[in-house]
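Remarks on the structure that follows.
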């Protein structure tokens with residue numbers, strides 16, 4: 001069998017790009033050959049940014065969002081409502097909600113959803129950490145802002161059951177959000193309306 005016509009270094013980068021979510025083999029090849037065409041400075045700048053990304057970021061020990069300082073700026077902000085907690089699936093959901101400017105509380109990032117098909121259970125998420133926050137802090141409302149998917153709804157129901165013993169108001173986003181859609185792709189107005197129109201669970 002004839003060997004590949006591509007150098008091993010090129011093949012390796014194509015392979016690594018193809019492992020990224022939403023990047024297929026053709027997109028991975030286009031990105032690789034684009035980097036071959038640009039200046040050395042631009043390629044090295046990208047490499048340095050990737051190195052800094054892994055070296056400078058961490059998870060906030062309170063909310064588990066991505067941050068460069070611990071606790072993160074949101075958890076440290078005294079002008080935010082310390083009794084209002086919004087539970088989201090991923091750090092990008094925090095970005096989306098903050099962009100809407102309709103929420104001024106704190107966050108808790110689960111880093112995923114319950115998905116038996118993918119082998120992800122409650123213990124793989126930051127749910128135990130959420131329960132500990134409820135026990136130790138004084139929240140007057142928990143907003144469960146998981147995505148409107150089967151996995152998101154399953155996760156929301158599980159969290160609701162775990163928090164049932166605690167005397168605390170639990171709400172969810174209004175269903176103005178498209179079923180099957182992700183918060184990170186929702187426009188600001190729709191997301192703002194979903195927050196303002198949230199409904200109590202239970």
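The values are calculated or read from the model by the stated rules, or taken from the named source; none is laboratory data. Since this is a predicted model, take the numbers as computed values, not measurements. Heads up, the Cβs are rebuilt from the backbone with ideal geometry, glycines too, and the neighbour counts pull from every protein chain shown.
Quick notes on this one:
- Qualifying residue in region 45-54 (condition: farther than 27 Å from residue 191 by Cβ, surrounded by 14 or more Cβ atoms within 10 Å (Cβ to Cβ), in contact with a helix residue (DSSP H, G or I) (Cβ under 9 Å, 6 or more places away or on another chain) and outside the structural domain of residue 128 (by TED's automatic domain parsing)): no
- Some residue of region 114-125 being under 26 Å from residue 196 (Cβ atoms) and either out of contact with any strand residue (DSSP E or B) (no Cβ under 6 Å at 6 or more places or on another chain) or in contact (Cβ under 8 Å) with a residue 60 or more places away in the chain (or both): no
- Residues being buried (at least 20 other Cβ atoms within 10 Å of the Cβ), part of a helix (DSSP H, G or I) and at pLDDT 95 or above - total across region 94-126: 1
- Tally of residues being touching a strand residue (DSSP E or B) at 6+ places or on another chain (Cβ under 7 Å) and in a loop (DSSP other than H, G, I, E, B) across region 127-145: 3
- Taken over region 119-154, residues that are closer than 16 Å to residue 107 by Cα and in contact with a helix residue (DSSP H, G or I) (Cβ under 9 Å, 6 or more places away or on another chain) amount to 13.
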